[in-house]
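Trainee: I have a structure I would like to understand better, so I am pasting it below and will then ask my questions one at a time.
Every read-out reported here was derived from the displayed coordinates using simple, explicitly stated rules and does not represent laboratory data. Keep in mind the model is a prediction, meaning the values are calculated, not measured. Here Cβ is always computed from backbone atoms with ideal geometry, including for glycine, and neighbour counts include all displayed protein chains.
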Amino acid sequence: MKIKGMRNIPTVQGLAHRAVPSNREQAVSELARQEHERARLQRELNLWLSKKEQTEQRLQAVQERIKQLEQALYESCSDSSQATRTEGSPSGEEKGKKNWREIPLEY
């Protein structure tokens, strides 16, 4: 047995649970425990899959919104650069400046 982590370390209690039951009552009891564990793990898996689908849908919505915002940003940048070009050729002083928008800030 290869030990990969703390869960794989054999203990006395764990070895006892892996042993073949010696009588019918122990076998029935072990079967019931295993069926309950299987049901619990199946519920956990179903919950995880539903959360995974919801997360994928939310991720898709965020990616679409990012595309819309980038498109709007690029359109506004191209519109403002075209407006400055149509006004005339920039002087030497304005050549070094970028097309920044001024936003008043009040303290």
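Trainee: Counting other C-beta atoms within 10 Å, which of Trp48, Trp100 has the fewest, and how do the rest follow?
Mentor: Arranged by neighbour count, lowest to highest, Trp48, Trp100 become Trp100, Trp48.
Trainee: Give, as a single signed number, the net charge of other residues whose beta carbon lies under 14 Å from the beta carbon of Gln26, with Lys and Arg counted +1 and Asp and Glu -1.
Mentor: After counting each charged neighbour, the total is +1.
Trainee: A further question on this structure: Around Lys51, under 12 Å between beta carbons, what's the net of Lys plus Arg minus Asp minus Glu among the other residues?
Mentor: Residues near Lys51 contribute -1 overall.
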